[in-house]
Structures are given as C-alpha cells and as structure tokens.
2 protein chains.
Amino acid sequence: MNSPLRIGIAGLGTVGAGVVKLLAEHGRLLSVRGGRPLKIVAVSARSKARKRDIDLSGMRWEKDPMALATAPDIDVVVELIGGSGGVARRLVQKALASGKHVVTANKALLALHGTELAALAEKKQRSLAFEAAVAGGIPIIKALREGLVGNRVKRLYGILNGTCNYILTTMRETGRDFDVVLAEAQAAGYAEADPTFDVDGIDAAHKLAVLTGAAFGARVDFAGVHVEGIRRVTSMDIEFAQELGYRIKLLGLARETRHGIEQRVHPCMVPLDTPIAHIEGVFNAVVVEGDFVGTTMFQGRGAGQGPTASAVVADLVDVARGRHMPAFVVPAEKLATKKASPMDRHVGAYYMRLMVQDRPGVIAAVSGALAKERISLESMLQRGRSESGEVPVVLTTHETEEAAMRRALARIAKLGAVAEEPCVIRIEAF
Amino acid sequence: MNSPLRIGIAGLGTVGAGVVKLLAEHGRLLSVRGGRPLKIVAVSARSKARKRDIDLSGMRWEKDPMALATAPDIDVVVELIGGSGGVARRLVQKALASGKHVVTANKALLALHGTELAALAEKKQRSLAFEAAVAGGIPIIKALREGLVGNRVKRLYGILNGTCNYILTTMRETGRDFDVVLAEAQAAGYAEADPTFDVDGIDAAHKLAVLTGAAFGARVDFAGVHVEGIRRVTSMDIEFAQELGYRIKLLGLARETRHGIEQRVHPCMVPLDTPIAHIEGVFNAVVVEGDFVGTTMFQGRGAGQGPTASAVVADLVDVARGRHMPAFVVPAEKLATKKASPMDRHVGAYYMRLMVQDRPGVIAAVSGALAKERISLESMLQRGRSESGEVPVVLTTHETEEAAMRRALARIAKLGAVAEEPCVIRIEAF
C-alpha cells in the first residue's frame, strides 16, 4: 500500500463536515481510486464544542488553523473557512509557501487573489485546486482546464447562484413578489440571513471571474465583472417574459470581444427554447462554447453538503494521484492580461418595461427617444387600463450598443408620463 | 521548452483529419496548456492519394499502421481506424506492449476488449485514454474517472447515439415514419449507408459498456448489455407518448441491482419534465447519479469532426502533462467482476400499444391477461373506430417485473382480436 495522502481541514461547517463524512464512508473505495489512502490528520474550526454529526476521532484538533499550514505531517490543506481575506487568505498563502497543496471552495478568495495564489502554487510546484468553488458538484473547472483544453472558448455562461435561481423559479411558479419569496427562502434555509452576496449577484460574479480565468487562460479579474442582482425583477416582468417567449435567469456571461473580455452578471431574458432556460430551482448549469467542441452544457446541484464535498474530494484524489497542473490552464506567468470590455460597448437586445400614464402621446415620445439613438423596436406590448392610471408598456429592441440604450433611457426617464425608473433587462441570444 | 510529445495517428477519416486540423490551429496554445509541444510525427491511412483538407507536410507517411506501434520516435499512438478487432486491436495491443501511450475513439474495441487492454496499459505504465469513444466532445469519461470520483454511482443513463436521437426527433417533429426519416438521414449524412450499428442500438451499447466500466469500476461487459433498437418505434407511438406526457428516447442505462449490474439500451418513455427528454437532434447527454453529488447531466454534440477531435486532443494533453490513471477508475486487476442482472428481473413500468379488432370483450381479455400476472394498470387510451376495423389501444402499467410482463404479453399476443405483435416500450422514472 502506498503512503497515505495526509489531509488537514480548516473549517467544519456544512462543507467541511461533508468532506469528513465522504472520506469516512468511501475510504476504502477512494484508496483504490486514488492509488493511496486519503487520511484526515488534523482539523480546525472555530468551535470545538459545537455539535457535529461527524466522527473526528483519530484527528488532531488544531485551535489555530494556521498550524495546519506548517504541520510537518500534512500534505494538503483543505481551506473551507471562506471570505476573500483574513484567515482564509493567510492560511492558503502560508500553506502553499510551506510546500503544501491547497484545495479550497473559496470563490471570493480566488476571485480577488486567484492569480497571485496560482503563481505561488506554481513556484512551489504544488496544486491549487478549487473545483468546489464554482457550481458545487459539477466538475466544470476540470472540464475547462482539461476536458475542453483543446478549444479556444468563444463564450461561456451559466446559472451560478442557486439562491437566485430558486427565487426566480419560485416567483414564476407562484406569481409572488421578490420580497415575499426571499423571506420564504430564508425561512427554508435556501437563502442566508444577509442575502446580499447572493441576490446582488456578487457570489455569481466571484464564480464567473474564476471560470473566466480558467476558460480564457487570463488573469482573474473580479473588478472587471459588471454586476447587477435580481432585486429589481418583478413578477410582472416574469409574466411578460413568458409572454414574449423568455425566462428570466440571473446569468454570469463571459466572452472575448474586440474591446477585451466582457464579464457580466445580471438578470437576462433567456429564450425558452434554450436548455439553460429550463434549469430551475437550486440547480446550476454552465454552458461552454468551444471552437471545436461546439456547445456543451454541464448541470447539477450548485451547492449543499454532498455536491460540494464531492468536488473537494475529486481535487484530493487528483492530488493523491499526483495529477498536477496550473490553476488556470496555463502557467501563472503566462496568464494573459486582458482589458475588461466596458459595458457601454456591450451590444445586445433589450427588454424595457415602463409604467406610464395612460394618455395620448406617451408611446410616441418613448419611441422617439429610442429612434433618436437609432434603436429599432422588435416588439411592443401595452396592457389595458388600470385604476391608478398607470399601465405597463413593454418594448423589446433589436441589437444596439449599451451606451445608446443608456442615453435613450435617460431621456425616457425624464418624460413626465413615465412614472418610475424603467425596468431594463438584457435579452441574450444563444 | 520541454521536449515535444511525439504523436502517431492511425486513420485519417473525419476524426483523424479533425485532430490534424486542431493541432495545427491551436499548436501554440496547446504547447502552453500542455506544458510541451504536441507534434504529429507520423500518420497512416488506407489511401495516401485521397484528397484531404489538411496539411500533412512534415509528417512521415507510414503505409502500415503497425509501424506506428514500434517507431522509436513516437510516444503516443492515436488509433482512429475503428472496429472491434483486426488492425485496430492489433495496433493498440502492440503500441501498448511497445511502451507507447494509446489514445483511441474506438468504442467497439473498448466494449469488447477494454479490460484486457487496460491491464496491458497498466502493466506497461502507459495511458489508455478514450474520451472520444463516448459522447463525442462531452468530457464524460473524465467526469466519471476524476470529477465525480468521490461518489458511488447509483445510476447512469444517456442519449448515446446521435443518429437515433436525430431520427426520433425528426419523426416527432414531422409525424413521418421511421423508414422515411432514416432514408432522409442517410441522404443528409446523419446516418450510415448501413445503419445497423446505430439504429439497432449496438453503437449505444458499446458506449454504455465503456461508461459502465468507468462508472462502477467494473470489468467492461458488452455481452451483459440488453440491446433493442428503434426500428419498431412508430410515429403513432411517438404521438401517444406526447399525449401521456412522455418523449421516446433511445437510452443506455446502467445501475446496480441486487442481481448484479443492469445494462440496457432500448427505446424509453421519458417524462417530459426531465431535462433529458429535451435533448434533441444529434445532441448527446449523459446523466450521472452519485450518492454525494446527486444528479448531474452533461450534454453536447455526440459526434462530428470538431467535437471528437476536441476529445482526442484533451487526452493528448493529459498524456503530455503526464497525468496518468487507470483506464476504468481503478487498476485493472481490481476491476470488479459483476454479474449481469438479467432483464427478466428488471422492474419498471411499461407502455403497451395493441392493434385490436374493435369488438366487445377485447379489453376485458387483455386486462385479464395482465391481472393474471398481478400487473396493475396505470392508464388506458382507446382511439375511436377505423375503416380497417383495427384500433390502437394503449395501456400503461405500474411497476412490475419484466418476466411477468413477458408472460402477460405472450398471452395477449395469442388473443384472436389482437392484430399484430404488441409494441412495448419501457417507461423510465428519474
């Protein structure tokens, strides 16, 4: 029998406990599949007293997670603390610097410091593995770095946040509004008490930045991601979407344009006849368009104990087998520095919903504002009368540059008959 | 710069030409991603004179592909000849025996001799890689062997043959019959002149046997696959399926039962609310259910030059990087020998369409035959009168053992009022 891979785990929340369970349950299987036993030598977490549904016997308890980074009996540190800075960052840095491999599920850390950590890992010839950081159990990092390595990626996009997808799905299915559904999701444990990271798109943006790095062999550029969340999506928009043949999804999208790499996270109108429109509830999916492979899609549970533990353990087996590679497809010093393509240069179609006073001339004024920017209309829906005197008017446009759209919007917002800030959702064509 | 990976390619059909193109187009990119240049040293194909849309300059032409197996300047042989025996088998054997790595797209070879070849590769500590053998460009072998390695697979199933899926999709969309659609598919190049391997399910069965090996760590057992093709599916059944909330798909399915491993390829009634029901045309998809990861699905183009070349090159990059692992997840000598679970022991629900004489007592006789086997009905559809006097009667059953169903069918077939052999399609629950 080969010598075991000696593991130290920092963080015993849902995911950490899942990793302990998985390694206990499939220990024998994994020692055959990994070519050697996978052995948890030490663990560290904030509270030792907390009741956990796992067996920690035979594992050393380290009060200070940093001790894992330097312990001579540890080969690989699993960082499951979370957060883009603080202990998590120091732990990963120190572990790599001390010649340990690192497996992490920390998308925030990678989104902000991924390139620098990748360089450190390579300098030390150690693995920095993070399958669990994006899309839960879906092996999408491996697909990008290895399975689709023969392709130049033309575009990738995905549903990267299960909380948002659950909320949007439930809003559609029940007709209820965002606030109500969010509160329910919080009560059911599908959304955090502070939902900001999820519903404002930040979590999805972290994941997108990591995916972009791996797909395009580019330096991870979280600051280059344009981010909008789902708070402003109303059940009315969801209904209109259905009527127009779309479904509203929070997508993360990345592609190369002539202005650089465009990375954006925002609600999208997705055509109903595309597979990703039908990824519902807490599921995630990532679509990769490669120049040789064509369109591929990967879907599965984007979070949760089992799926995330599955991803962490896949990375551990890679480490056990000595399967090593650069974190973002190419060596860190060869990662391209690409300009972020500005959103003003984004070209696409738009959905716009206005609440207008139901009086003559309003539509003429709105379409005049669009015409001035040479934006042509694809369709228009107007709904009957209302008691308040305000009625929704929905317009969809042909492709136009975002800058033009913004100028038109500024004009429209100033029209006296337009009652509130127009709701604008980008329409995606796949 | 590291020394190049020296490649010999046997077979320059669609896929071989695609590999040459891909390596030419992305040569620089791949030398960075693979850590060293990927260089085609020699090629071999049946006809040197044949016009090909690729540049072979700088590559040695070997008249005899077997020369690639022993050439001292070759590190890896790419076998794209095809066929379960003959030259392909001898080439792979000899290449491995001579200490070369082998990359192949040959599902028939692997389905019949996979275990033996895996053992040979391991004895020589060389890679036997075959991402291109199953589901075209979808990196499903890598997902099973690596990305989902932490899971015990509970079940896997997939649409593994694009020709059949194209035919079934077109039959549904146009209402035309199998023979007509097959002829069109042949004219359009989507089906071979001799379509047997595809439409009779053999190609899908080859792929399923390979997937089963990788998913369950079991010896590849093609003989254990129960195979039925799509020739007997009529447009009438496709219509009834729609009415009952199903879509008919040729699936390959594998799971462990208490009788052993059940592997089967046959037309299935797939519920419309499952993602795989919506994989249409030439697309393939594979669903893997793991005990930790839950349900994951991988979809993409299942054949064609670009996708298959993408998969071959992914394997070549793994070889270039020295990422080596057993062919079927665990070392060949540890592959489990599992009994094939007999189809008589299969438990599931059934769709049955009978053409019956429209006269009193027929339904009573049919349902009596089912009741005798304790098979309970889920639903029954009867269509009005016809000029011929024969009308279709469609029954769906609750779960029952296949042996009971067969006994009931034998009785039903003998009823005077039943005009032709009943059409039976298994209903799958996911």
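Output the 0 to 90 degree angle, nearest 10, between the alpha-carbon long axis of helix B:235-244 and the longest principal axis computed from the alpha carbons of chain B.
Roughly 80 degrees between the two axes.
Under 14 Å from a point placed 7 Å out from the Cα of residue B:47 along the Cα-to-Cβ direction: which residues of the stretch B:1-31 have their backbone N that close?
B:12-14
Just counting partner chain Cβ atoms within 10 Å, what average do the residues of peptide A:301-311 show around their Cβ?
Values: counts 5, 0, 0, 3, 1, 7, 7, 2, 4, 11, 5.
Per-residue shielding by partner chains comes out at 4.
Once the stretch B:1-69 is represented by equal point scatterers at the alpha-carbon sites, with solvent omitted, what log10 I(q)/I(0) does the Debye formula produce at q = 0.21 Å⁻¹?
Treating every Cα as an identical point scatterer, log10 I(q)/I(0) equals -0.88.
Based on the Cβ-Cβ distance from residue A:378 to residue A:343, what FRET efficiency comes out when R0 is 25 Å, to the nearest 0.05?
On the way: r = 21 Å, r/R0 = 0.84.
Here the calculated transfer efficiency is 0.75.
Please identify which residues in the stretch A:400-430 have an amide N closer than 20 Å to a label point set 7 Å out from the Cα of residue A:364, following the Cα→Cβ vector.
Answer for this model: A:411-419.
In percent, what relative contact order does chain B have, based on Cα pairs under 8 Å that are 6 or more apart in sequence?
On the way: 937 pairs, mean separation 71.1, N = 430.
The value is 17 percent.
Residue-wise, which Karplus ³J(HN,Hα) couplings in Hz belong to the stretch A:113-124, taking 6.51 cos²θ - 1.76 cosθ + 1.60, θ = phi - 60°, and x for glycine or proline?
Taking θ as phi minus 60°, the curve returns 10, x, 5, 5, 5, 4, 5, 5, 4, 5, 4, 8 Hz for the stretch A:113-124.
Which distances in nm, rounded to one decimal and ordered from shortest, link the label point of residue A:187 to the equivalent label points in the other identical copies, with labels set 7 Å from Cα toward Cβ?
Label point to label point, same position, other copies: 6.1 nm.
Residue by residue through A:148-157, how many Cβ atoms from other chains fall within 10 Å of the Cβ on average? Could the numbers behind the result be given before it?
On the way: counts 9, 15, 21, 10, 3, 0, 0, 0, 0, 0.
Rounded to a whole number, the mean comes out at 6.
Considering only DSSP beta bridges with both partners in the protein assembly as shown, what is the antiparallel share in %, to the nearest 5? Numbers along the way, then the final one.
Working: 105 of 155 bridges.
The antiparallel proportion sits near 70 percent.
Quick check: from the Cα gyration tensor, does the stretch A:81-195 come out rounded (a/c under 1.5), prolate or oblate?
oblate
So, R0 is 25 Å and r is the distance between the beta-carbons of residue B:84 and residue B:180; what FRET efficiency does that work out to, to 0.05?
Details: r = 31 Å, r/R0 = 1.25.
E between residue B:84 and residue B:180, to the nearest 0.05, is 0.20.
Whole-Å semi-axes of the protein assembly as shown's equivalent ellipsoid, largest first, each the root of 5 times a Cα gyration tensor eigenvalue? Walk me through the numbers before you get to the answer.
Numbers: eigenvalues 335, 316, 168 Å².
Values for the protein assembly as shown, descending: 41, 40, 29 Å.
Using the alpha-carbon atoms, what tilt in degrees (0 to 90, nearest 10) does helix B:162-174 show relative to the longest principal axis of chain B?
Tilt relative to chain B: about 40 degrees.
Compute the distance in nm between two label points, each set 7 Å from the Cα along the Cα-to-Cβ direction, one at residue A:273 and one at residue A:236.
Going from the residue A:273 label point to the residue A:236 one covers 3.0 nm.
Please report the equivalent ellipsoid semi-axes of chain A, computed as sqrt(5 x eigenvalue) of the Cα gyration tensor, largest first, in whole Å. Don't skip to the end; give the middle numbers.
Working: eigenvalues 402, 105, 59 Å².
Its equivalent ellipsoid spans semi-axes of 45, 23, 17 Å.
Is the shape of the stretch A:78-144 rounded, prolate or oblate, going by the alpha carbon gyration tensor and its root eigenvalues a ≥ b ≥ c, with a/c under 1.5 for rounded and a/b larger than b/c for prolate? Please report the intermediate quantities before stating the final value.
Values: a/c = 1.81, a/b = 1.27, b/c = 1.42.
Note, shape of the stretch A:78-144 comes out oblate.
Could you pull out every residue, at least 5 positions away or on a different chain, whose amide H is within less than 5 Å of the one on residue B:160? Hs are placed 1.01 Å off N in the peptide plane, and Pro or chain starts have none.
Residues meeting the criterion, in which the H sits 1.01 Å from N, are B:252.
Could you name the lysines in cross-link range of residue B:154, using Cα to Cα under 26 Å and dropping any fewer than eight places away on the same chain?
Partners found: A:21, A:39, A:142, B:107, B:142, B:207, B:249, B:334, B:338, B:339.
List the relative contact order of the stretch B:344-427 as a percent without decimals, with contacts defined as Cα pairs under 8 Å and 6+ residues apart.
Numbers: 151 pairs, mean separation 42.0, N = 84.
Dividing the mean separation by the residue count of the stretch B:344-427 yields 50 percent.
Kindly provide the pair-distance distribution of the stretch B:344-427 built from C-alpha pairs, with 5 Å bins from 0 and whole-percent values in order of increasing distance.
Result, from short to long distances: 3, 16, 29, 27, 15, 7, 3, 1, 0 percent.
Can you run phi through the Karplus equation (6.51, -1.76, 1.60; θ = phi - 60°) for the stretch B:193-204 and list ³J(HN,Hα) in whole Hz, with x for Gly and Pro?
Once rounded to whole Hz, the list reads 4, 9, x, 3, 4, 7, 6, 8, x, 5, 4, 4.
List the equivalent ellipsoid semi-axes of the stretch B:5-133 in whole Å, largest first, each obtained as the square root of 5λ for an eigenvalue λ of the Cα gyration tensor. Working shown, then result.
Working: eigenvalues 96, 59, 37 Å².
Working through the eigenvalues yields semi-axes of 22, 17, 14 Å.
Please give every one of the lysines within straight-line cross-link reach of residue A:414, meaning a C-alpha to C-alpha distance under 23 Å, and leave out same-chain neighbours fewer than 8 residues apart.
Within reach: A:372.
Per DSSP H run of n ≥ 4, the term is -39500 (n - 2.57); total these for the protein assembly as shown, divide by its residue number, and report the mean residue ellipticity at 222 nm rounded to 500 deg cm²/dmol. Each step should come with its number before you reach the end.
Details: 26 runs with 292 residues, N = 860.
-10500 deg cm²/dmol, from helical runs alone.
What whole-number distance in Å separates the alpha-carbon centres of the stretch A:1-68 and the stretch B:329-385?
If you average the Cα positions of each part, the centres end up 47 Å apart.
Between residue A:407 and residue A:194, how many nm apart are label points set 7 Å from Cα along the C-beta direction?
4.1 nm
Taking the simple approach of a point 7 Å from Cα along Cα-to-Cβ for both residue B:73 and residue A:116, what is their distance in nm?
4.8 nm
Determine, for B:81, A:202, the number of other Cβ atoms within 10 Å of each Cβ, and report the residues in order from fewest to most.
Values: B:81 25, A:202 20.
Sorted ascending by nearby Cβ count, the order is A:202, B:81.
Express as a percent, rounded to the nearest 5, the fraction of DSSP beta bridges in chain A (both residues included) that run antiparallel. Mind showing how you got there, number by number?
Details: 51 of 76 bridges.
In chain A, DSSP labels about 65 percent of beta bridges as antiparallel.
Using packing as a proxy for protection, rank B:315-323, B:376-384, B:167-175 so that the peptide with the highest average count of other Cβ atoms within 10 Å comes first.
In decreasing order of mean packing, B:315-323, B:376-384, B:167-175 become B:315-323, B:167-175, B:376-384.
Compare the peptides B:48-60, A:283-295, A:407-419, A:220-232 by average per-residue count of other Cβ atoms within 10 angstrom and give them in order, highest first.
Values: B:48-60: 11.0, A:283-295: 23.5, A:407-419: 16.5, A:220-232: 19.7.
Output ranking for B:48-60, A:283-295, A:407-419, A:220-232: A:283-295, A:220-232, A:407-419, B:48-60.
Read the figures in this text as sums done on the coordinates, not as results from a lab. Since this is a predicted model, take the numbers as computed values, not measurements. Cβ: placed from backbone, ideal geometry, glycine included. Neighbour counts: every protein chain shown.
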